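The values are calculated or read from the model by the stated rules, or taken from the named source; none is laboratory data. From a predicted model like this one, the values you see are computed outputs, not experimental measurements. All Cβ positions, even for glycine, are placed from backbone atoms using ideal geometry, and neighbour counts span all protein chains on display.
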Amino acid sequence: MRSFLISIATIIGFLALGVSAYSDGTATLRQGAPILTEPDAPKMNKVENKDVKRVRNYPEQPPTIPHKVRSYEISTNANKCLSCHARTRTGESQAPMVSVTHYMDRDNQVLATVSPRRYFCNQCHVTQVDAPPLVENEFIDVENIIKAE
Amino acid sequence: MLTPFKKLWGMACWIWSHGNRPAKHLSIGFLTIGGFVAGVMFWGGFNTTLELTNTEEFCVSCHEMGDNVFVELKPTIHYSNRSGVRASCPDCHVPHNWTDKIARKMQASKEVWGKLFGTINTREKFLAERRRLAGHEWDRLKANNSLECRNCHSTTSMDITAQSTRAATAHQTYLFTGEKTCIDCHKGIAHELPDMTGVEGWK
């Protein structure tokens with residue numbers, strides 16, 4: 001009996017939480033649309049293809065991809081990114097070489113090829129779209145912090 | 001034991017002896033016009049059948065094509081794009097020029113053999129053979145200077161100012177100079193790739 005009451009109370013609690021989250025204007029993917037209507041899908045933005053590098057917000061930031069990568073295969077069979085960005089390919093492609101840190105294992109021992117843990121490029125490197133930010137960005141560049149002091 | 005062979009031989013002799021003599025009852029007009037009509041019908045039938053085997057519906061009617069390469073084609077730009085112009089299987093895989101087409105169709109008899117004996121009738125078998133099969137297509141396109149790409153993508157109509165900088169540079173440096181052909185860089189644009197170890201230009 002007691003456990004039954006506890007579970008009922010828990011369910012009511014979650015429901016109340018859900019209702020309050022919905023009514024206090026929390027941004028959801030459904031944009032507050034009633035459950036039986038299908039809201040319009042958000043507009044899809046075009047991927048930037050300018051080949052112009054973006055500034056990194058901090059030195060360790062993985063550089064963003066300044067071009068389209070549609071259908072670029074990264075699998076156990078092939079890595080399309082490396083066919084331009086691998087050390088041996090940069091002469092022909094004139095693309096920036098994959099950073100030297102990618103040619104090291106986790107103990108900083110140098111390797112001949114890209115380390116397996118760095119193989120999946122788009123885990124860190126992503127394309128950019130020219131879209132208004134979804135949430136306000138409060139990031140301040142470290143240079144600006146130093147200047148302010 | 002020899003009777004069916006003797007019978008057949010007898011028939012062949014009869015046909016030859018009759019075909020070898022001038023027509024006794026048929027006029028030359030009938031033979032000429034009849035021959036012409038029969039020729040038109042044969043040629044028409046031949047070409048119709050040829051074109052029937054040159055459609056995407058025909059290709060994907062085999063599950064080997066429908067379940068593997070065709071599914072992979074669908075998300076790529078050669079199937080789905082902003083203008084709705086698309087390439088179907090024969091656009092890239094069968095030469096458009098007649099003699100080359102017939103040569104390729106004759107080669108394809110090997111593929112009928114493969115179908116009959118189930119060389120790639122499971123996904124696993126297909127993946128195991130994929131490097132070899134893809135290699136055939138790369139070799140063919142390399143040998144004919146990517147002719148099937150160029151049926152649509154002509155260098156004279158290619159406006160490199162409308163391309164991204166890196167694409168323009170690459171095309172100017174390698175394509176327009178004839179140093180490389182389309183397939184050298186654009187492998188795996190319409191289908192997934194096999195294990196690319198050892199393929200030139202891949203890491």
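Of all the criteria given as (1) assigned to a loop (DSSP other than H, G, I, E, B); (2) away from chain A (no Cβ under 14 Å); (3) without any contact (Cβ under 8 Å) to a residue 40 or more places away in the chain, the one not satisfied by B:Cys152 is (3).
Assess whether A:His67 counts as being facing chain B (nearest Cβ under 7 Å) and not charged (D, E, K, R). It is true that A:His67 is facing chain B (nearest Cβ under 7 Å) and not charged (D, E, K, R). With the structure loaded, tell me whether B:Thr49 is exposed (fewer than 11 other Cβ atoms within 10 Å of the Cβ) and more than 14 Å from chain A (Cβ to nearest Cβ) or whether it fails that test. Yes, satisfied.
Test B:Gly135 against the stated conditions and say whether it is over 30 Å from A:Asn45 (Cβ atoms), within 14 Å of another protein chain (Cβ to nearest Cβ) and out of contact with any Cys (no Cβ under 8 Å at 6 or more places or on another chain). It would help to see each step written out before you state the result.
Numbers: over 30 Å from A:Asn45 (Cβ atoms): yes; within 14 Å of another protein chain (Cβ to nearest Cβ): yes; out of contact with any Cys (no Cβ under 8 Å at 6 or more places or on another chain): yes.
Spelling it out, B:Gly135 is indeed over 30 Å from A:Asn45 (Cβ atoms), within 14 Å of another protein chain (Cβ to nearest Cβ) and out of contact with any Cys (no Cβ under 8 Å at 6 or more places or on another chain).
When segment B:180-190 is filtered for residues that are crowded, with 18+ Cβ neighbours inside 10 Å and either more than 10 Å from chain A (Cβ to nearest Cβ) or assigned to a helix (DSSP H, G or I) (or both), the ones remaining, listed by number, are B:Thr181, B:Cys182, B:Ile183.
Could you tell me how many of the residues in segment B:36-65 are within 30 Å of B:Arg123 (Cα to Cα) and either without any contact (Cβ under 8 Å) to a residue 40 or more places away in the chain or assigned to a helix (DSSP H, G or I) (or both)?
14
Identify all residues within segment B:85-100 that are crowded, with 16+ Cβ neighbours inside 10 Å and either more than 9 Å from the chain's Cα centre (by Cα) or part of a helix (DSSP H, G or I) (or both); write none if there are none.
B:Ala87, B:Ser88, B:Cys89, B:Pro90, B:Asp91, B:Cys92, B:His93
In a residue-by-residue description of segment B:159-172, the property of being assigned to a helix (DSSP H, G or I), among the aliphatic types (A, V, I, L, M), closer than 25 Å to B:Cys89 by Cα and in contact (Cβ under 8 Å) with a residue 12 or more places away in the chain applies to no position.
Going by the structure shown, is A:Asn144 more than 14 Å from every other protein chain (Cβ to nearest Cβ), under 21 Å from B:Glu192 (Cα atoms) and either outside any loop (DSSP other than H, G, I, E, B) or touching a residue at least 24 places away in the same chain (Cβ under 8 Å) (or both)? No, not satisfied. In the set (1) within 13 Å of another protein chain (Cβ to nearest Cβ); (2) more than 24 Å from the chain's Cα centre (by Cα); (3) more than 19 Å from A:Gln94 (Cα to Cα); (4) surrounded by 14 or more Cβ atoms within 10 Å (Cβ to Cβ), the condition left unmet by B:Gly201 is number (3). Each residue in segment B:155-179 was checked for being buried (at least 19 other Cβ atoms within 10 Å of the Cβ) and either more than 10 Å from every other protein chain (Cβ to nearest Cβ) or of a type in the set (Lys, Arg) (or both), and 1 pass.
Count of segment A:77-106 residues, restricted to those that are facing chain B (nearest Cβ under 8 Å) and either exposed (fewer than 15 other Cβ atoms within 10 Å of the Cβ) or under 18 Å from the mean Cα position of the chain (by Cα) (or both), is 2. Inspection of segment B:62-84 finds a residue satisfying the criterion of being more than 14 Å from every other protein chain (Cβ to nearest Cβ) and loosely packed, with under 10 Cβ neighbours inside 10 Å. What single numbered condition from (1) in contact with an Asp or Glu (Cβ under 8 Å, 6 or more places away or on another chain); (2) closer than 22 Å to A:Leu82 by Cβ; (3) among the β-branched types (Val, Ile, Thr); (4) not in a helix (DSSP H, G or I) fails to hold for B:Ile120? Tallying (1) in contact with an Asp or Glu (Cβ under 8 Å, 6 or more places away or on another chain); (2) closer than 22 Å to A:Leu82 by Cβ; (3) among the β-branched types (Val, Ile, Thr); (4) not in a helix (DSSP H, G or I), B:Ile120 fails exactly one: (2). Considering only residues in segment A:107-119 that are part of a loop (DSSP other than H, G, I, E, B) and within 14 Å of chain B (Cβ to nearest Cβ), the one that is surrounded by the fewest Cβ atoms within 10 Å (Cβ to Cβ) turns out to be A:Ala112. One residue stands out among those in segment A:120-141 that are of a type in the set (A, V, I, L, M, F, W, C) and outside any loop (DSSP other than H, G, I, E, B): the one that is farthest from A:Met44 (Cα to Cα), which is A:Cys121.
Filter segment A:2-44 for residues that are among the charged types (D, E, K, R) and either within 30 Å of A:Thr127 (Cα to Cα) or at pLDDT 70 or above (or both) and give the result.
A:Arg30, A:Glu38, A:Asp40, A:Lys43
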